[in-house]
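Asks: Pasting a structure below so you can have a look.
Laboratory data are not the source of any read-out in this text; all were calculated from the coordinates shown. Remember, predicted model here, so these are calculated numbers, not experimental data. Because the Cβ atoms are built from the backbone with ideal geometry, glycine has one as well, and the counts that use them run over all protein chains shown.
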Amino acid sequence: MATSLRDRVPMFAVAFQKIAAELDPLLDQPLAEILRDGPGERTDHAQAAVFAVQVAVFRLLTTLGVRPDAVAGHSVGELAAAHAAGVFSLADTCALVAARGRLMRELGGEGAMVAVQVPEADVPELLRGHEERVAPAAVNGPASVVLAGDADALAAGDPRCTAWRCGTRFTPTTWTRFWAPSGRCWPDWTSGHR
């Protein structure tokens, strides 16, 4: 979708280029290449690409006259929303997105995320016995929940529920349960960015 927008909608392309001009010096690969080739399993590339597309779409919509009363986001989308709301400049937000992606990648880990087609109310029962290794990460809809945590625990799933891997996408990532291991890095990074 993003490459199609960039190739067909000049306002999106201009916005994307401005974002790429800020992000490219902070990445090990140009944003246009990441968008073209896909991020693969590179968390830092995925973070940058998602942020750039979100902000470029926001800018496209504002040039078309859409003026939101409020903006919100999840994960890197929170940073895109903060930028859209004027909390951070583009340069500062790009620096934060790149640093966040780098930290997530450097932490590595044996984490994963999986989207399951179950109501939020069913999650505690699904996680019984796995609570220390898996946690809900997001509620995407009435019957769509994302679980995150230890990859082995997520891969094992729950024998009472085949939905953990049925019709879902299993995504390797860093350990994501409330950012527990990654939180230890933020004081070092933020000390130079207050």
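Asks: At 1.567 mPa s and 4 °C, plugging the Kirkwood radius over alpha-carbon pairs of region 10-52 into Stokes-Einstein gives what diffusion coefficient in µm²/s?
Replies: 126 µm²/s
Asks: Given a Förster distance of 30 angstrom, what is the FRET efficiency for A91 paired with S144, based on the Cβ-Cβ distance and rounded to 0.05? Intermediate values should be presented prior to the final figure.
Replies: Details: r = 35 Å, r/R0 = 1.18.
Step by step, r from the Cβ atoms, then E = 0.25.
Asks: Quick one: order M11, M104, M1, M113 by neighbouring beta-carbon count within 10 Å, fewest to most. Walk me through the numbers on the way to the answer.
Replies: Values: M11 15, M104 24, M1 7, M113 20.
Ranked by crowding around the Cβ, least crowded first: M1, M11, M113, M104.
Asks: If Lys and Arg each add +1 and Asp and Glu each add -1, what is the summed charge of the other residues whose beta carbon sits under 13 Å from the beta carbon of A98?
Replies: Net of charged neighbours comes to -2.
Asks: When the Karplus curve 6.51 cos²θ - 1.76 cosθ + 1.60 is applied with θ = phi - 60°, which whole-Hz ³J(HN,Hα) does each residue of region 112-128 get, with x for Gly and Pro?
Replies: 7, 10, 9, 8, 10, 9, 9, x, 4, 4, 7, 4, x, 5, 4, 7, 3
Asks: Okay, next question. List the residues, sorted by chain then number, that are 5 or more residues from F88 or on another chain and whose placed amide H is less than 5 Å from its amide H.
Replies: Long-range HN contacts for F88: H83.
Asks: Identify the GluC sites (Glu not before Pro) of region 5-60 meeting these criteria: DSSP loop state and at most 13 other C-beta atoms within 10 Å of the C-beta. It would help to have the intermediate numbers written out before the result.
Replies: On the way: sites: E22, E33, E41; in loops: E41.
Here the GluC sites (Glu not before Pro) that fit, given the DSSP loop and packing criteria, are E41.
Asks: If you don't mind, another one. Order of L126, L107, L31 from fewest to most other C-beta atoms within 10 Å?
Replies: Working: L126 20, L107 16, L31 24.
Lowest to highest Cβ neighbour count: L107, L126, L31.
Asks: Once fully extended, how much extra length lies between A13 and D152, figured as 0.36 nm per residue of separation less the alpha-carbon to alpha-carbon distance?
Replies: 46.0 nm
Asks: Which cross-chain or sequence-distant (5 or more) residues have an amide H under 5 Å from the amide H of V118, H modelled 1.01 Å from N in plane?
Replies: It is S144, V145, by chain and number.
Asks: Calculate, in nm to one decimal, what Q29 and T3 gain on full extension: separation in residues at 0.36 nm each, minus their alpha carbon distance.
Replies: Details: separation 26, 0.36 × 26 = 9.36 nm, distance 1.65 nm.
Full extension from Q29 to T3 adds 7.7 nm.
Asks: Shifting gears a bit: Using the basic label-point model (7 angstrom from Cα toward the beta carbon), what is the S75 to E120 distance in nanometres?
Replies: Going by the 7 Å Cα→Cβ label model, 1.8 nm.
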